[in-house]
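Each remark here refers to the structure printed beneath this line.
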Amino acid sequence: MAEKGRSTRSLHSLGVACGLAAGAWLGTAEAPTKLVTVGFSPFIISLGMVAGVFVARWTVPMMLKGTGYILEDLREKKHLIIWAILAGMLWAVANTLTVFAIRNVGLSIAFPLWNVNSLVGLFWGWLLFNELRDAGAKHWLKVLGGAAAIVVGACVLALATSHAPAGAPAGAATLGILAALGAGLMWGTMYIPYRKAYISGMNPLSFVTVFTFGELGTVFALAAVFDGGMGHVMTELDRARPVLFWLFLGGFCWVLGDLFQQYAAKYIGIGRGIPLSNTNQLWGLAWGALVFGELAGQTGTGQALVIAGSLIMIAGAVSISFAEAPESEQASWGIAMRRECTRYGLDPVRVAAALMGDDRAMTERHGRRWWEYLVGLVAVAMFVWLGMSASMKRAAAVAADEVLLRQKAEDRRQ
């Protein structure tokens with residue numbers, strides 16, 4: 001019993017560490033989306049970033065586990081493939097909404113607003129996966145108190161945006177807030193497939209490999225429908241080549257953060273892991289304020305509201321994440337796991353071992369293939385090629401021309 005308790009505490013500590021690492025990488029990943037403020041379409045920014053995500057989500061799992069391992073994991077749990085694609089579609093819509101939010105209210109404000117996804121994830125974790133069931137009053141108080149703090153912090157940050165930036169269209173701040181909250185709803189719901197996969201014993205590296213098809217296909221569809229058709233999209237991608245390196249790099253950082261986030265969800269649940277990864281708002285605030293100077297135009301009161309709202313939300317996330325699941329709640333998690341095993345004909349013993357991080361048997365069955373290293377080199381070469389053509393000055397000139405063309409087209413329509 002004592003050994004089991006130490007193992008559980010060790011997994012909780014690992015989950016907490018993964019959540020904090022996720023926050024750092026996810027916060028850094030959003031910085032390149034600031035390119036939307038120099039005139040590039042939000043759909044092009046999102047598509048460029050997701051293209052980088054696609055490259056990384058194939059390369060990183062393959063290099064860490066090998067294609068043999070991933071293919072066997074997917075064959076054993078074929079029912080989760082559609083869930084992974086669905087999760088990718090939700091991610092793509094949410095990511096596009098964040099670009100609109102950043103354009104209208106800025107990175108330092110949009111970041112904490114879309115982090116209400118922790119509330120959505122908390123609800124789904126309780127309803128569908130028995131999280132917080134039989135947890136006791138103390139743990140409920142920690143989690144609900146943290147959730148209330150997140151709501152209060154979001155309201156404070158919304159108040160800070162009550163005055164739109166100079167030159168912004170009427171209602172821009174409101175639309176930015178709605179876009180950020182919509183992204184939070186999408187991302188919070190996206191964690192249902194995450195948790196469903198992990199209580200079935202699937203490795204996060206296998207999950208994200210399929211996940212990427214849903215996100216890339218959805219972003220292409222959104223861009224084609226809402227940004228002038230595929231011909232226009234391909235033309236705009238070519239015009240945006242000077243900044244594609246930064247978008248690809250942002251996508252790569254996002255993949256690393258998302259992998260850490262998924263391991264946090266695996267080991268401590270979505271109700272605890274997601275709020276902890278939402279410390280990314282610290283990094284978003286730092287990037288927005290220190291690098292992009294977003295708070296420079298704010299009054300002293302506005303700056304105080306942004307900082308206070310962020311600190312309140314962070315305190316709420318910390319309260320939730322340190323509510324370690326007691327044995328009674330873990331027994332409820334076990335019920336949810338066995339339900340999935342019964343529904344899909346899985347081996348409960350193997351799934352339980354995978355949940356504890358033990359997949360050595362399957363790992364040992366699969367060696368490395370020479371062409372996996374070749375794929376890794378191709379991915380690196382792609383980043384080098386984009387880096388050689390990166391130019392912020394040229395990108396700004398291209399974006400300025402794009403804004404002028406859009407204005408002329410709008411004038412002709414009127």
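The values are calculated or read from the model by the stated rules, or taken from the named source; none is laboratory data. Being a predicted model, the structure only gives us computed values, none of them experimental. All Cβ positions, even for glycine, are placed from backbone atoms using ideal geometry, and neighbour counts span all protein chains on display.
Just a few scattered comments:
- Note on segment 319-328: residues that are surrounded by fewer than 16 Cβ atoms within 10 Å (Cβ to Cβ) and in a helix (DSSP H, G or I) amount to 2.
- If you go through segment 184-220 and keep only what is more than 12 Å from the chain's Cα centre (by Cα), closer than 19 Å to Leu26 by Cβ and among the charged types (D, E, K, R), you end up with just Arg195.
- Subset tally (residues that are among the aliphatic types (A, V, I, L, M), at pLDDT below 75 and farther than 11 Å from Pro112 by Cβ) for segment 144-171: 5
- If only residues of segment 194-244 that are farther than 30 Å from Ala353 by Cβ and of a type in the set (Phe, Trp, Tyr) are counted, the one that is surrounded by the fewest Cβ atoms within 10 Å (Cβ to Cβ) is Phe226.
- Residues that are without any contact (Cβ under 8 Å) to a residue 60 or more places away in the chain and in a helix (DSSP H, G or I) within segment 192-240 comprise Ala221, Ala224, Val225, Gly229, Met230, Gly231, His232, Met234, Thr235, Asp238, listed in sequence order.
- Note on segment 66-111: among residues that are assigned to a helix (DSSP H, G or I) and charged (D, E, K, R), the one that is nearest to Trp371 (Cα to Cα) is Glu72.
- Of the residues Ala361, Ala381, Ala331, Ala353, the single one that is at pLDDT 60 or above, loosely packed, with under 12 Cβ neighbours inside 10 Å and of a type outside the set (S, T, N, Q) is Ala381.
- Total residues in segment 119-141 satisfying the condition of being charged (D, E, K, R) and surrounded by 21 or more Cβ atoms within 10 Å (Cβ to Cβ): the figure is 1.
- Restricting segment 384-404 to residues that are modelled with pLDDT of 80 or more and not aliphatic (A, V, I, L, M), the residue that is farthest from Trp246 (Cα to Cα): Trp385
- Residues of segment 255-302 satisfying the condition of being assigned to a helix (DSSP H, G or I), closer than 22 Å to Ala154 by Cβ, among the polar types (S, T, N, Q) and touching a residue at least 40 places away in the same chain (Cβ under 8 Å): Gln261, Ser277, Asn280, Gln281
- Condition met for Ala135 (in a loop (DSSP other than H, G, I, E, B), of a type outside the set (Ser, Thr, Tyr), touching a residue at least 12 places away in the same chain (Cβ under 8 Å) and out of contact with any strand residue (DSSP E or B) (no Cβ under 9 Å at 6 or more places or on another chain)): yes
- Yes/no for Gly273 being at pLDDT 85 or above and on the phi > 0 side of the Ramachandran plot: no
- The one condition in (1) in contact with a Phe, Trp or Tyr (Cβ under 9 Å, 6 or more places away or on another chain); (2) surrounded by fewer than 24 Cβ atoms within 10 Å (Cβ to Cβ) that Gly269 fails to fulfil: (2)
- Any chance Leu122 is part of a helix (DSSP H, G or I), free of Cβ contacts under 8 Å to residues at least 12 places away in the same chain and either under 29 Å from Leu175 (Cα atoms) or touching a Gly at 6+ places or on another chain (Cβ under 8 Å) (or both): no
- Segment 103-152: number of residues that are farther than 23 Å from Val291 by Cα and touching a helix residue (DSSP H, G or I) at 6+ places or on another chain (Cβ under 6 Å): 24
- Among (1) under 22 Å from Ala264 (Cβ atoms); (2) in contact with a Pro (Cβ under 7 Å, 6 or more places away or on another chain) - the single one Thr96 does not satisfy: (1)
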